[in-house]
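Presented below is the structure to which this report refers.
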Amino acid sequence: MTRIIDGKATAAEIRREVATGVAELRDRHGVQAHLALLLVGDDPASHVYVRNKGKACDEVGMRSTIVRHAADVSANVVLDQVRAWNADPSVHGILVQLPLPRHIDEEQVLLTIDPDKDVDGFHPMNAGRLMIGADGFVPCTPAGIIELLKRYEIPTSGKHAVVIGRSNIVGKPISMLLAQKRPQGNATVTMCHTGTTDLATHTRQADIIIAAVGVAKLITADHVKEGVVVIDVGMNRETLEDGTSKLCGDVDFAAVSPKAAAITPVPGGVGPMTIAMLLNNTLLAARRSAQ
Ligand code: GUN
């Protein structure tokens, strides 16, 4: 029997836990958890993401501040806003929605965010902390994957995990997390990427596959062994015969799921976990500030 890993239900459970944590922090310590979000430009998807993040804050009783700027705003205005939030003790988490317009240096903006308010976990300081296993902020999507493995009690210790993708946001951090000597870690990790020759030779040896490449249905039944656990991070648009389009993952779900012991669907798998973990990271930042 294939277990379907329900990210939507798990994310809802985490949001309820965060709501309880937010209320407790307010009642016991007088601290109102607060996420500040900065959006630059008019990319429609980014506007939807930021609106959803703000709504998610409302739903768990968290304060949110959203500042929006036109695409031609100067880099200094963006940097000054980040610095103002760094200095503001009422702000616990700062998120600058990416991508930024080309004239703004993304790396410089991320470097300006106080690492202890960097709830996206994109600051090099947090990437370094993750690398050495120190406390920091873990990027939301890999944190969500670890949480799914934990809540579905999927063993990782001694297992062979094959990660496909080497992005700073998913591939690299999830590889590090799975290799760490801790629960939901202690796995032997292989990281595959566009330079990998014969991907299937690697994926066929995997007990756990994390697919984060952004290529629709790249992983087929031939790529996996019986009993594999598949975590699909892909969010691709597939054009159907009638010209309409549909969301699909990096894994051909219909072909792979009969062979899998457990698998995340797209949509409804890893996707909903990302905002839930953002809320969780912000609560963590607020708690740390209260200590
Ligand atoms: N753009 C797409 N995903 C993300 C995300 O998780 N965080 C930020 N800051 N920007 C994004």
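If we scan region 39-50, do we find a residue that is away from the ligand (no atom under 16 Å from the Cβ) and either within 18 Å of residue 104 (Cα to Cα) or outside any strand (DSSP E or B) (or both)? No, there is no match, as no residue in region 39-50 is away from the ligand (no atom under 16 Å from the Cβ) and either within 18 Å of residue 104 (Cα to Cα) or outside any strand (DSSP E or B) (or both).
Scanning region 139-154 turns up at least one residue that is assigned to a loop (DSSP other than H, G, I, E, B) and either over 26 Å from residue 266 (Cα atoms) or within 16 Å of the ligand (Cβ to nearest atom) (or both).
Can you spot a residue in region 95-110 that is under 23 Å from residue 287 (Cα atoms), under 19 Å from the mean Cα position of the chain (by Cα), at pLDDT 95 or above and part of a helix (DSSP H, G or I)? Within region 95-110 (the criterion being under 23 Å from residue 287 (Cα atoms), under 19 Å from the mean Cα position of the chain (by Cα), at pLDDT 95 or above and part of a helix (DSSP H, G or I)), the answer is yes, since at least one residue qualifies. Here residue 189 does not qualify as within 14 Å of the ligand (Cβ to nearest atom), of a type in the set (A, V, I, L, M) and either modelled with pLDDT of 95 or more or under 30 Å from residue 72 (Cβ atoms) (or both). The number of residues in region 126-138 being more than 16 Å from the ligand (Cβ to nearest atom) and touching a residue at least 40 places away in the same chain (Cβ under 8 Å) comes to 2. The residues in region 89-113 that are touching a Lys or Arg at 6+ places or on another chain (Cβ under 9 Å) and more than 13 Å from the ligand (Cβ to nearest atom) can be counted, and the count is 4.
The values are calculated or read from the model by the stated rules, or taken from the named source; none is laboratory data. For clarity, every value in this text was computed on a predicted model and none was experimentally measured. Glycine also receives a Cβ, built like all others from the backbone with ideal geometry; neighbour counts cover every protein chain displayed.
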